[in-house]
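**Q** Structure provided below as structure tokens; questions to follow.
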Amino acid sequence: MKPKLFIPGPTHVDQEVLDAMAQYPVGHRTDDYRELQSKVVSGIKECLYTNQSVLVSTSSATGLMEAGVRNLSNRRVANFVCGAFSKKQAAITKICGLDQDVFEVEWGQAITADYVDSVLSKGDYDLVTLVFNETSTGVMNPLQEIGEVVKRYPDVLLMVDAVSGMMGAPIKVDEWGIDMALASVQKAWALPPGFALTSLSDRALERSRLIPESQKGFYFDFVRMHKAGEKSETMVTPSIPHLYGLSKQLDRIKVEGLENRFARHREMAERVRQWGKGRFGIFAQAGYESDTLTCFANESGIDLIALASEMRSRNYLISGGYGDLKGKTFRLAHMGDLHMDDMDDVLGILDEVVESL
Ligand SMILES: Cc1ncc(COP(=O)(O)O)c(C=O)c1O
């Protein structure tokens, strides 16, 4: 038996979604396919509260993290860093040869709207990169407030890595002024890994039109991707099983209701934090704790390797610290298709294991 996934990606996938993904494929230039993609894209738009574009990508999210900076900046990027994944975004920006400045806060702290404002008021930037939910620290940045600030700088686009936050907390793309909110599907979308998607604002698409192809490359050129999307197709052969899976998952999300889904995540997060506070401490700055995963500070100094291994032997997979936090923290996901009874279950087992260490 495979261990149940309580790691922050890939996350637990329900059998109904797995079954949907196992359907016989359709040709990707047929009406059957176009109907499928069209349904999936309009469903995603509803989930992201946007009337602008959504692009689907047969890649992991990192492909879109690279695509974002290549398509959206021809001046200077402001990379905001608060943990390992936002740091990776800054590294990608550098590797792509773009001009950039990196603004890093202590890991565990949030990026605040005031901080973003102070940076934008001084520099000549055309793109901000921000992580919504920093998976390495369990911090959820105040996206709506940051969006409001970035709106005041008309040349600046806001690109958001929403990988581990999307579908676990609301992201109101149009209202909050987000130009790109990207995610892969193995987190709160609760599908197996291998597929990614992003919202794309009209002005982001316009920006991409101004960027030379030599900077954008071919596979991730937003103009090409968007053009294919207008026909409800993709430029290249997509992962059709993922589209089947998303189609099923969107039906299920509709039944649960978006607001209920987000409330479920909040309730699970509160339960896990309550449990963890006295025992280990919470790594994230108070007031900015994530709704989709908790990073425990391990204040009591228990043996984290033994903890993970004992959990594994009981068929529960939990996650150690990531990046610079390896060996110092551990993490528990409460996202996607996990429910309160799963949390009660895993926390009970964790208690048992901690007692035995
Ligand atoms: C916040 C964040 N950004 C980016 C990534 C990279 O996503 P992918 O592995 O789908 O490329 C992850 C993966 O854990 C993540 O948590």
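**Q** So what is the relative contact order of segment 15-254, in percent, for Cα pairs below 8 Å that sit 6 or more residues apart?
**A** Relative contact order here is 29 percent.
**Q** With every protein chain left in place and a probe of 1.4 Å, what is the accessible surface of E213, to the nearest 10 Å²?
**A** Only protein atoms counted, so the area is about 110 Å².
**Q** Would you mind computing, in nm to one decimal, how far apart the modelled labels at R152 and Y219 are, each placed 7 Å from Cα along Cα→Cβ?
**A** Calculated label separation equals 4.0 nm.
**Q** A further question follows. For the chain, what is the charge dipole size about the Cα centre, in debye to the nearest 20, if Lys and Arg each add +1 at the Cβ and Asp and Glu each add -1 at the Cβ?
**A** 760 debye
**Q** Compute, for L243, the solvent-accessible surface of its heavy atoms (probe 1.4 Å) with the complete set of protein chains present, and express it in square angstrom to the nearest 10.
**A** 0 Å²
**Q** In nanometres, what is the gap between the two model label sites at R203 and K172, each 7 Å from Cα along Cα-to-Cβ?
**A** In this crude label model, R203 to K172 measures out at 1.8 nm.
**Q** Moving to a separate point now. Determine, from the Cβ-Cβ distance of A228 and R312 and an R0 of 25 Å, the FRET efficiency 1/(1 + (r/R0)^6), rounded to the nearest 0.05.
**A** Once rounded, the FRET efficiency stands at 0.05.
**Q** Oh, and also: Taking springs between alpha-carbon atoms closer than 10 angstrom, which of T58, T112, T137 fluctuates most in the Gaussian network model of the chain?
**A** It is T112.
**Q** With a point put 7 Å past each Cα toward its Cβ, work out how far E256 is from L210 in nm, to one decimal.
**A** Rounded to a tenth, the inter-label distance reads 4.0 nm.
**Q** Between the alpha-carbon centers of segment 46-81 and segment 113-140, tell me the distance in whole angstrom.
**A** 15 Å
**Q** Using +1 at the C-beta of Lys and Arg and -1 at the C-beta of Asp and Glu, which of M235, F296, L258 has the Cα lying farthest in the positive direction of the dipole of segment 223-357?
**A** M235
**Q** Something else now. Measure out, as a whole number of angstrom, how far apart the alpha-carbon centroids of segment 321-342 and segment 152-189 sit.
**A** 21 Å
**Q** Can you give me the long-range amide H partners of L293? Hydrogens built in the peptide plane at 1.01 Å from N, cutoff under 5 Å, separation of 5 or more residues or another chain.
**A** H334
**Q** Let me ask something additional. Of E35, E310, which has the most accessible area with a 1.4 Å probe, and how do the rest follow in descending order?
**A** E35, E310
**Q** May I pose another question? Of D32, D101, which has the most accessible area and how do the rest follow, probe 1.4 Å?
**A** D32, D101
**Q** May I ask what percent, to the nearest 5, of DSSP beta bridges between residues of segment 15-254 are antiparallel?
**A** Of the beta bridges lying entirely in segment 15-254, close to 40 percent run antiparallel.
**Q** With a ≥ b ≥ c taken as the square roots of the eigenvalues of the C-alpha gyration tensor of the chain, please select rounded if a/c is under 1.5 and otherwise prolate if a/b is larger than b/c or oblate if it is not?
**A** In terms of gyration-tensor shape, oblate.
**Q** OK, next. With the full set of protein chains in place, find how many percent of the accessible area of segment 15-254 is carbon and sulfur; take the probe as 1.4 Å.
**A** Carbon-and-sulfur percentage of accessible area, whole number: 50.
The values are calculated or read from the model by the stated rules, or taken from the named source; none is laboratory data. The shown structure was predicted, so the numbers you read here are calculated from the model rather than taken from an experiment. Don't worry about glycine lacking a Cβ; one is built from the backbone with ideal geometry, like all the others, and counts go over all protein chains shown. Ligands, DNA and RNA are stripped out before the accessible areas are found, and what is left, the full protein with its side chains, is counted by its heavy atoms. Shrake-Rupley method; radii C 1.70, N 1.55, O 1.52, S 1.80 Å.
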